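Each remark here refers to the structure printed beneath this line.
The values are calculated or read from the model by the stated rules, or taken from the named source; none is laboratory data. Owing to the predicted nature of the structure, the values given are computational and were not obtained by experimental measurement. No Cβ is skipped: glycine too gets one built from the backbone with ideal geometry, and neighbour counts run over all protein chains shown. For the accessible areas, the whole protein counts, side chains as well, though only heavy atoms, and no ligand, DNA or RNA atoms are used. Shrake-Rupley method; radii C 1.70, N 1.55, O 1.52, S 1.80 Å.
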Amino acid sequence: MKIYRANVLFTLTPKELNVLEHGYVVVGDDGNVIDTCQTLPERYATEPVIDFGDQLLMPAMNDLHVHAPQYRNHGIAMDMELLPWLNTYTFPEESKYRDLKYAERMYRRFVHDLWSVGTMRAAVFATIHPEATCLLADLLHEAGMGGMVGLVGMDRNGSETLSNTAEEAVAGTKQLIEHTAQMPLVSAIVTPRFVPSCTPEMMTALGQLAKEYQLPVQSHLSENRSEIAWVKELEPESTCYGDAYLRYGMFGQTPTLMAHCCYTEGEEFELMRQNHVFAVHCPTSNCNLGSGIAPIRRFLEAGIPVALGSDVSGGSGFSIFKVMQYALQMSKLKWLYTDHQDQFLSLSEVFYLGTKLGGSFFGKVGSFEPGYAFDALVVDDAQLNFDNYSIQHRLERYIYLGDDRQLTHRFCQGREIKLKE
Ligand code: GUN
Ligand code: FE
């Protein structure tokens, strides 16, 4: 058992931030939280306490949409919208992952950067290459971090060097399932790139695979207007973009993440609600690629689960704290453009999305309630807290002004994760 003392912050519900000033989190040997309390119950009186002093202790970040093989491109090449951006910058870069040496060099940096910004679990797109994808799973596992890794299926409209067949995507995903079978925190996720990249044959094969192995699914949905128009042309029988996943068993038949959903409305909105499909909000990416502003308030009001994603390299950085900041700011623009119809998001809401709601995709992750995995960050914000701010304001300042320099400890499933700086 481990007992930690610090200024504890977490969200039970989107509505409010729980704050325990100099409170305690008791963690069992299995890495799960036993107790979170303001004063330490008598039964723990003889146990040693690890005291983090005046630092903040909060759940670690969950990134529910990120492309590991776009590592080299993050922070560059944001001068195009989605479709030309994919063809010009993204597909050529992902082609390089046939070379395992290149993959290792980049994937090591990728895992390090996730860790650095306090993301302990992620839903990750890899590439079409099975060896490099298994290597990525190894690196996450060796680091002690958690996540779901997807071998990407794409058999149309890619480039000559970045294309697989339905058979190869299924075989590669099966290889990954076997490869991750003994990894407690890393697993496989079925990953059709998006409808324009996948023939009906690919969609059928991946849908069957998800069903057979009861695997979760991740993809992209209604990110950009030209993409949506293209899907209409490619899949004339589908009643909406979301329906083009649904008809192949990949829209909530097993747990499903759909990134972006900037233009989701009407039938697609209703299908997401009924099938409990996660909308993964990627506001930094939606800004960089000029894609749009997702209707997050309406999703939340309808009970559609919303998680946060960095979407590197559409998104320019890995920090989910930065994504929270953008989610807040973009929601103000949405509020403005809807004539104040869509109320903007609050601090506790975006924090809830990045921790507890995003974490729920991995199980009991993202909170400090008893039974939750102790995935946590310790933040020394002394330099930002120069005049006795409230704990809530200290979190807000950290989201807007902080970075990895203030993170002093990172935990995943109870274990402190230390990588070389
Ligand atoms: N849609 C299909 N592939 C991608 C990708 O790599 N990034 C983003 N943002 N959208 C996509
Ligand atoms: Fe993406």
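Magnitude of the charge dipole for segment 1-116, about its Cα centre and with charges confined to Cβ atoms of Lys, Arg (+1) and Asp, Glu (-1), is about 480 debye. A quarter of the convex hull surface defined by the alpha-carbon atoms of the chain gives 19.5 nm² as the mean projection.
Legend: Rg and Dmax of segment 242-346, from Cα coordinates, 13.4, 38 Å.
Couplings for segment 14-26, taken from phi via the Karplus curve 6.51 cos²θ - 1.76 cosθ + 1.60 with θ = phi - 60°, read x, 6, 8, 8, 8, 10, 10, 5, 6, x, 10, 10, 9 Hz in order; Gly and Pro are left as x. Taking the accessible area of the chain, probe 1.4 Å, and keeping the other protein chains in place, the carbon and sulfur fraction comes to 49%. Protection proxy ranking of 134-141, 216-223, 30-37, by the mean of other Cβ atoms within 10 Å over each peptide's residues and highest first, is 216-223, 134-141, 30-37. For the chain, the longest principal axis of the Cα atoms and the long axis of helix 225-234 meet at an angle of about 40 degrees. From most to least packed by mean Cβ count within 10 Å, the peptides 350-356, 76-82, 19-25 give 350-356, 19-25, 76-82. Accessible surface area normalised per residue over segment 207-328 is 34 Å², counting heavy atoms of protein chains with a 1.4 Å rolling probe. Ordered from longest to shortest, the equivalent ellipsoid semi-axes for segment 129-202 are 24, 11, 10 Å, each the square root of 5 times a Cα gyration tensor eigenvalue. Per residue of the chain, the DSSP helices (runs of n ≥ 4 H) give a summed -39500 (n - 2.57) that works out to -10000 deg cm²/dmol at 222 nm. The smallest convex shape that holds all Cα atoms of segment 327-421, its convex hull, gives 139 Å³ per residue. Residues in segment 1-69 average 42 Å² of solvent-accessible surface per residue, probe 1.4 Å, ligands and nucleic acids excluded.
Hey, what's the Cα Rg ratio for segment 20-83 versus the globular rule of thumb, 2.2 N^0.38 Å? Could you put the intermediate results ahead of the total?
Values: Rg = 20.5 Å, N = 64, 2.2 N^0.38 = 10.7 Å.
In units of the globular-protein estimate, segment 20-83 measures up at 1.92.
The distance between label points at TYR389 and ASN32 comes to 3.5 nm (points 7 Å beyond Cα on the Cα→Cβ vector). Here is the P(r) of segment 1-120: all C-alpha pair distances, binned every 10 Å from 0, give 11, 28, 22, 17, 17, 5, 0 in whole percents. Highest mean packing first, where packing is the average number of other Cβ atoms within 10 Å per residue, the peptides 334-347, 253-266 line up as 253-266, 334-347. Counting Lys and Arg as +1 and Asp and Glu as -1 over every other residue whose Cβ lies under 9 Å from the Cβ of SER313, the net charge comes to -1.
Give the shape of segment 54-111 as rounded, prolate or oblate, defined through the alpha-carbon gyration tensor: a ≥ b ≥ c are the square roots of its eigenvalues, a/c under 1.5 means rounded, and otherwise the shape is prolate if a/b is larger than b/c and oblate if not. Cα axes put segment 54-111 in the oblate bin.
Principal-axis analysis of the Cα atoms of the chain puts helix 200-213 at an angle of about 40° to the longest axis. Any chance you could give the angle, 0 to 90 degrees and rounded to 10, that helix 320-337 forms with the longest Cα principal axis of the chain? Result, in degrees: 70.
Amide H contacts for VAL149 (H built 1.01 Å from N in the peptide plane; partners 5 or more residues away or on another chain; cut-off under 5 Å): VAL124, SER187, ALA188, ILE189.
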